[in-house]
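Colleague: Handing you a structure now.
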Amino acid sequence: MTQYPRSIHVARALLIMALGLLPHAHAREGEVGNQPQAFHEFWGHFKSVVFAGNKEQVAAVTFFPFKTRGMLDSDPVRLHERRSFDELFDRLLAQDSGLKKEPEPMRDLIQRTDFSQAKPVKKHNSRERIGNFVFQRVDNRWRFVMAYLDEE
């Protein structure tokens, strides 16, 4: 009879210990969420919202103030706030990517650029450039941070 009460105490102790470990399990799940976002994952989302015409979602992955600069190193950097971004983004998508002999709008370059597989990761890689668009990892998340703009 003394064995039975002892097993209840052991079971209770194990239950209390298991419940005490639950916050640690959730903390570990949170740690995974803090891992740097892979560029190919970001790119898939960016590409889909661009082609859905969802400027709100494009703006959600854009870092403001957004920067533009002309094609020359000597061109000044201009800053753009969210309120003027939609019109600017239309211009950015329509301009030539500069990567082909024949003019190719950035919209077409985005459509044909596929990162469905992870790109090889370079140590400390925190910037990517696709045509005239520059993306940067900010707080472990990729953001659209800058574009080269042909002012004409």
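The values are calculated or read from the model by the stated rules, or taken from the named source; none is laboratory data. Note that the coordinates shown come from a computational prediction; the quantities given were computed from them, not determined experimentally. So basically every Cβ, Gly included, is an ideal-geometry build from the backbone, and we count neighbours across all protein chains shown. Note: areas computed on protein heavy atoms with side chains; ligands, DNA, RNA excluded. Shrake-Rupley method; radii C 1.70, N 1.55, O 1.52, S 1.80 Å.
Colleague: Roughly what would the spin-label model give for Ser126 and Gln111, points 7 Å off Cα along C-beta, in nm?
Modeller: Placing both labels 7 Å beyond Cα along the Cβ direction yields 3.5 nm.
Colleague: Under 19 Å from a point 7 Å along the Cα-to-Cβ line of Lys67: which residues of the range 131-152 have their amide N that close?
Modeller: Answer for this model: 131-151.
Colleague: Along Cα→Cβ, 7 Å out, is where each label goes; now give me the distance between the ones at Ser84 and Gln136 in nm to one decimal.
Modeller: Modelled inter-label distance: 1.9 nm.
Colleague: With only alpha-carbon atoms counted, please give the Rg and Dmax of the range 54-119, in Å.
Modeller: When restricted to the Cα atoms of the range 54-119, Rg and Dmax are 13.6, 36 Å.
Colleague: Ignoring everything but the protein chains, give the 1.4 Å probe accessible area of Lys67 in square angstrom, nearest 10.
Modeller: Roughly 90 Å² of Lys67 is accessible to a 1.4 Å probe.
Colleague: For Ser126, what accessible surface area do you get with a 1.4 Å probe? Give it in Å², rounded to 10.
Modeller: 50 Å²
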